[in-house]
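Student: Please see the structure below; I have some questions.
Derivation of every value follows stated rules applied to the coordinates shown; laboratory data play no part. These figures come from a predicted structure and were not determined experimentally. Here the Cβ positions follow ideal geometry from the backbone for every residue, glycine too, while neighbour counts run over all protein chains shown.
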Amino acid sequence: MEKSMSKENRMGTAPMLPLIFSMALPAMFSMLVQALYNIVDSYFVSQVSEKGLAAVSLAFPIQNLLISFAVGTSVGITSLISRRLGQGRQQEADAAASHGILLGVVTSLAFAVYGAFFTTPFFQMFESDPEIVHMGDQYISICCIFSFGSFIVVALEKILQATGNMIWPMIFQLIGALTNIILDPILIFGMFGLPAMGVTGAAIATVGGQILSMLVAAVVVAVKEHRVHITFKGFRLDFTIIRDIYAVGLPAIVMQSIGTVMTMALNGILSGFSTAAYTVFGLYFKLQSFVFMPVFGLTQGLLPIMGYNYGAKNKKRLLSAFYNGCAIALVIMLAGTLLFLLAPQWLLGIFSASEELLEIGIPALRIICTCFLFAALGIVGSTLFQSVGRGTYSLMQSLLRQLVILVPAAWMLARFTGQVNAVWWAFPIAECVSLAISLVLYARLYRTEIKNLETAVSR
């Protein structure tokens, strides 16, 4: 318990840049492994057939929706716990953690029902090829029915991160990702006497890694001392806590779910050109995860630091965490921009891309990556909004960049130019406009919430 206490205290006292790296590097590393397993998943599927790759690409919106609910709810849990710890309200922090686990279980049941009965019509909206529809249906059904592993382990990770414990969440994510990577070729191609299951094997490998990770996380949380105590003995449902979790969590869910709507809309626009066009779009999301995942790992470290210092009314440390986070994110995104500009053919070659995929994909990667630097500032700004309980600001920002601006811009570019390459310019357009709005929201937040924040700790 004393070790957990010291981790919490250092969020309010330790030198900022070393603190950010100590909190964020484990999450950034595990996110990179997560990105690797996403690439490996698609790599092995691409060895089966290009139709399998198309099916997995079409399945991405539903996977993204599942992740949105898991991560979005957990962001609300992290924000609430870190603020309550900063305010010294231990019992409320404990209660938030217990309610968070329950919410994860309930949400996974809803996805299991969808996966069992309602997946086929989704694929039929975009694709008439029965083979692609069948493979996509198999893949996403398994991911949804067995999604409880993902929901529970993400909740446990975020609960520990809220206390400043970043090592165990990193280990949990590594276990899930490495298990998936190991199982993928075994189940997809059929090794060690197992039948070759193709896309179905990829789905089983995914949920297998999630469930194993969940089991390890549950044991660690049960047997080790942590700053937050999870218990269901004498548990009573408190709708005030649920409301406080979803005050940040629901906008975060909607914010990330917007990506599902955006992907479905762009798949519809791109399918008007060719199957290869929406397959390239799916591959882009796999590849950009190598750039964006480390930034998301950075924000996992920033969120509890900023939330704690906001709760402790420490303006100087809150802003220090924010500005340092922006600088680190810009460096990461600059490296990603250079990679996409200079080596798009090599990146697409990972998936044994055909000539048609290369013809569409090379300009796509070079155009879209021009928005990475703008996205870096937007992502860190969104994390600041979440850390102080202003989830609606994050929601507004994501609505602009992923739906309100991006989709209409893509539709107009497709309609009025008739060129698939023109569609990709919708991404930098949307990022520039949303960043401008984010700066306005930040100025308002600073004026109303941060400017007069009392400094509890002088450093």
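Student: Once Lys and Arg get +1 and Asp and Glu get -1 on their Cβ, which of Ser387, Met412, Thr370 lies farthest toward the positive end of the dipole of the stretch 367-451?
Tutor: Toward the positive end, the furthest listed residue is Ser387.
Student: Under the definition of Cα pairs under 8 Å and six or more residues apart, what whole-number percent is the relative contact order of the stretch 165-290?
Tutor: Numbers: 61 pairs, mean separation 19.8, N = 126.
Once normalised by length, the contact order is 16 percent.
Student: Ordered by packing density, taken as the mean number of other Cβ atoms within 10 Å over each peptide's residues, highest first, how do 297-306, 437-446, 179-188 rank?
Tutor: The most tightly packed comes first, giving 297-306, 179-188, 437-446.
Student: Can you find, among Leu435, Asn452, Ile211, the residue farthest towards the positive end of the dipole of the chain? Put +1 on the C-beta of Lys and Arg, -1 on that of Asp and Glu.
Tutor: So the residue we want is Asn452.
Student: Let me ask you something else. Could you give the length gained by full extension between Arg415 and Arg366, i.e. 0.36 nm per residue of separation minus their alpha carbon distance, to one decimal place? Mind dumping the intermediate values first?
Tutor: Details: separation 49, 0.36 × 49 = 17.64 nm, distance 2.16 nm.
Answer, rounded to one decimal: 15.5 nm.
Student: Over the chain, what relative contact order in percent results from Cα pairs under 8 Å that are six or more residues apart? Please report the intermediate quantities before stating the final value.
Tutor: Working: 749 pairs, mean separation 109.0, N = 459.
About 24 percent, as a whole number.
Student: Would you mind computing, in nm to one decimal, how far apart the modelled labels at Arg243 and Arg89 are, each placed 7 Å from Cα along Cα→Cβ?
Tutor: 1.2
Student: Follow-up. So how do Tyr114, Tyr323 line up by other beta-carbon neighbours within 10 Å, fewest first?
Tutor: Going from sparsest to densest Cβ surroundings: Tyr323, Tyr114.
Student: Moving on. For Glu449 paired with Ser274, estimate the spin-label separation in nm (one decimal), with each label point 7 Å from Cα along the Cα-to-Cβ line.
Tutor: Between Glu449 and Ser274, the label points sit 4.7 nm apart.
Student: Which distance in nm do the two modelled labels at Leu330 and Lys233 give, with both placed 7 Å along the Cα-to-Cβ direction?
Tutor: Spacing of the two 7 Å Cα→Cβ label points: 5.2 nm.
Student: Would you work out if the stretch 241-337 is rounded, prolate or oblate? Take a ≥ b ≥ c from the square roots of the eigenvalues of the alpha-carbon gyration tensor; rounded if a/c is under 1.5, else prolate when a/b is larger than b/c, oblate otherwise.
Tutor: Oblate, since a/c reaches 1.5 and b/c is not below a/b.
Student: About the Cα centre of the stretch 220-266, how large is the charge dipole given +1 on each Lys and Arg Cβ and -1 on each Asp and Glu Cβ? Please answer in debye to the nearest 20.
Tutor: Taking the Cα centre of the stretch 220-266 as origin, the dipole is about 160 debye.
Student: Just to confirm my numbers, what's the Cα centroid distance between the stretch 218-291 and the stretch 295-332 in Å?
Tutor: Computed from Cα coordinates, the inter-centre distance equals 21 Å.
Student: Also, quick follow-up: Rounded to the nearest 20 Debye, what is the dipole magnitude of the stretch 167-309 about its Cα centre when Lys and Arg each give +1 and Asp and Glu each give -1 at the C-beta? Show your work: numbers first, answer last.
Tutor: Numbers: 6 positive and 4 negative charges, 45 e Å.
Computed about the Cα centre, the dipole is about 220 debye.
Student: Additional query: Tally Lys/Arg at +1 and Asp/Glu at -1 over every other residue whose Cβ is under 13 Å from the Cβ of Leu441; what's the total?
Tutor: Here the charged neighbours net out to +3.
Student: If you rank Lys233, Lys51 by fewest surrounding Cβ atoms within 10 Å, what's the result?
Tutor: So the residues, fewest neighbours to most, are Lys233, Lys51.
Student: Under 29 Å between alpha carbons: how many lysine pairs meet that in the chain, if sequence neighbours fewer than 8 apart on the same chain are excluded?
Tutor: 25
Student: Which whole-Hz ³J(HN,Hα) couplings does the stretch 97-105 yield from phi under the Karplus relation 6.51 cos²θ - 1.76 cosθ + 1.60, θ = phi - 60°, glycine and proline marked x?
Tutor: Here the 3J(HN,Hα) series is 5, 5, 5, x, 5, 4, 4, x, 5 Hz.
Student: When a/c reaches 1.5 or more, the comparison of a/b and b/c decides; with that in mind, is the stretch 356-457 rounded, prolate or oblate per its Cα gyration tensor?
Tutor: Because a/c hits 1.5 or more and a/b exceeds b/c, the stretch 356-457 counts as prolate.
Student: I've got another one for you. Rounded to the nearest 0.05, what FRET efficiency do Leu439 and Leu403 have when you use their Cβ-Cβ distance and R0 = 25 Å?
Tutor: 0.80
Student: What is the extension gain from Val113 to Cys432, computed as 0.36 nm multiplied by their sequence separation minus the C-alpha to C-alpha distance, in nm to one decimal?
Tutor: Extending this stretch completely gives an extra 110.9 nm.
Student: Ranked highest first by average number of other Cβ atoms within 10 Å, how do 83-95, 307-319 line up?
Tutor: 307-319, 83-95
Student: For the stretch 165-278, just say rounded, prolate or oblate: build the C-alpha gyration tensor, square-root its eigenvalues into a ≥ b ≥ c, call rounded for a/c under 1.5, and beyond that prolate if a/b exceeds b/c, oblate if not.
Tutor: Taking the square roots of the gyration eigenvalues as a ≥ b ≥ c, the stretch 165-278 is oblate.
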